[in-house]
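Visitor: Right, I'll just put the structure down here and ask away after.
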Amino acid sequence: MRALVLALVLTGCGATNGGLRFDPTPAKPPPEITIARASSPEVGVLVLMSDAMANLQLDHAQNDQVVQLVTSIKERHQRVEEMRKVLSIDMAASVNAGVIDDKTLELDARKLGKARAEVAPADGKALEDLHRILGPAQRKQFATALAARAETLPTDDASTRYGNWRTDLEITVIQNEKIEPQLNDEPTIAPSAKAEREAWQKRLRDTAAAFEKESFSASTYVDPDVEKTTVERVRRVTAFLKLIVPELTQKQLAAAAENLRAEAGAH
């Protein structure tokens with residue numbers, strides 16, 4: 001279920017880089033890097049580290065320093081991943097039952113948001129450390145790529161999510177005739193998704209402009225209210241589920257729930 005939880009569930013992705021090295025000691029391999037699913041507008045710090053390792057010509061020492069950054073970030077994010085898994089499992093239970101448990105999902109969202117907020121300052125510090133590790137030309141290259149990424153951010157809206165649901169669950173024409181008008185008339189999901197995308201675009205553009213300079217503060221990058229953003233993302237998903245779930249067959253509900261549990265590593 002590729003877009004079921006969108007910005008909520010993360011998937012692993014490794015990254016390497018191809019810089020010239022003259023030290024015969026093998027470079028430290030990067031740990032598995034977690035990146036946001038494609039439907040989310042958020043660009044997490046691990047994505048930025050992955051970009052740096054994949055696209056910049058890092059020397060041996062730089063590569064090892066970035067690997068250390070990635071390792072420390074992943075260790076700090078263990079609580080975040082635990083809360084993300086709880087949310088996914090509870091969401092799967094709601095879907096499987098055919099009744100969305102708003103209170104439980106909101107509580108899960110707040111716990112996840114709090115966990116994410118606790119690591120946000122350290123994530124910003126890691127980006128500042130990356131700036132320190134890189135040279136002026138590398139910073140400029142990184143900033144250029146960051147500004148370009150801002151222009152291609154996806155939107156976490158109902159139409160994107162439903163497009164994947166229709167395929168994955170084999171939504172029938174009759175079901176679609178009931179579901180699509182309801183999604184089109186839903187007044188809150190699209191504006192909320194658009195607002196988050198625009199906020200992330202501004203952060204990335206501002207960060208790109210600042211990153212080229214001699215000194216850099218990650219205040220341009222860090223979401224000022226991570227918990228609120230997280231809760232609002234879950235609310236969008238919940239609103240979507242409340243419209244579509246009542247129209248699904250038990251077989252479709254079971255398939256959707258199983259995919260959610262699989263993404264959470266609990267199938």
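The values are calculated or read from the model by the stated rules, or taken from the named source; none is laboratory data. What you are looking at is a predicted structure, and each value in this text was computed from that prediction instead of being measured. Virtual Cβ from ideal backbone geometry, glycine too; neighbours counted across all protein chains shown.
Visitor: Quick one: in the range 113-128, of everything that is surrounded by 18 or more Cβ atoms within 10 Å (Cβ to Cβ) and either free of Cβ contacts under 8 Å to residues at least 40 places away in the same chain or charged (D, E, K, R) (or both), which residue is farthest from Gln252 (Cα to Cα)?
Guide: Going through the qualifying residues, I end up with Asp123.
Visitor: Scan the range 45-66 for residues that are of a type outside the set (Asp, Glu) and closer than 16 Å to Pro136 by Cβ and jot them down.
Guide: Ala52, Leu56, Gln57, Leu58, Gln62
Visitor: In the range 159-179, what residues are at pLDDT 95 or above and in a helix (DSSP H, G or I)?
Guide: Of everything in the range 159-179, those that are at pLDDT 95 or above and in a helix (DSSP H, G or I) turn out to be Val173, Ile174, Gln175, Asn176, Glu177, Lys178, Ile179.
To keep it simple, each residue is scored yes or no on (1) of a type in the set (S, T, N, Q); (2) touching an Asp or Glu at 6+ places or on another chain (Cβ under 9 Å); (3) in a helix (DSSP H, G or I).
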{"site": "Phe216", "(1), (2), (3)": "no, yes, no"}
{"site": "Asp223", "(1), (2), (3)": "no, yes, no"}
{"site": "Lys228", "(1), (2), (3)": "no, no, yes"}
{"site": "Pro246", "(1), (2), (3)": "no, no, yes"}
{"site": "Ala255", "(1), (2), (3)": "no, yes, yes"}
{"site": "Arg261", "(1), (2), (3)": "no, no, yes"}
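Visitor: Right, something else. Looking at the range 149-195, which of its residues are free of Cβ contacts under 8 Å to residues at least 24 places away in the same chain and of a type in the set (Ser, Thr, Tyr)?
Guide: Thr152, Thr167, Thr172
Visitor: Which of the residues that make up the range 173-210 are among the β-branched types (Val, Ile, Thr) and surrounded by 14 or more Cβ atoms within 10 Å (Cβ to Cβ)? Full working, then the answer.
Guide: Residues of the range 173-210 that are among the β-branched types (Val, Ile, Thr), as a first pass: 173-174, 179, 188-189, 207.
Selection gives Ile179, Ile189, Thr207.
Visitor: Moving on. Determine which single condition Val43 fails, assuming it passes every other condition in (1) out of contact with any Leu (no Cβ under 7 Å at 6 or more places or on another chain); (2) outside any helix (DSSP H, G or I).
Guide: (1)
Visitor: Let me ask something else about it. Can you name every residue in the range 33-54 that is farther than 16 Å from Thr144 by Cα and at pLDDT 55 or above?
Guide: Within the range 33-54, Ser39, Ser40, Pro41, Glu42, Gly44, Val45, Leu46 meet the criteria.
Visitor: Just a yes or no: is a residue in the range 103-112 surrounded by 19 or more Cβ atoms within 10 Å (Cβ to Cβ), under 17 Å from the mean Cα position of the chain (by Cα) and at pLDDT below 95?
Guide: Looking through the range 103-112, none of the residues is surrounded by 19 or more Cβ atoms within 10 Å (Cβ to Cβ), under 17 Å from the mean Cα position of the chain (by Cα) and at pLDDT below 95.
Visitor: Next question. For the structure I just gave you, tell me whether Met83 is among the aliphatic types (A, V, I, L, M), crowded, with 16+ Cβ neighbours inside 10 Å and modelled with pLDDT under 95.
Guide: no
Visitor: Still on this structure, please answer the following. Looking at this structure, is Asp168 surrounded by 17 or more Cβ atoms within 10 Å (Cβ to Cβ) and closer than 27 Å to Asp102 by Cβ?
Guide: No.
Visitor: Taking interchain pairs and intrachain pairs at least six residues apart, which have beta carbon atoms under 8 angstrom, with the first residue in the range 201-212 and in contact (Cβ under 8 Å) with a residue 40 or more places away in the chain and the second surrounded by fewer than 17 Cβ atoms within 10 Å (Cβ to Cβ) and charged (D, E, K, R)?
Guide: Gln201/Glu151; Glu212/Lys140
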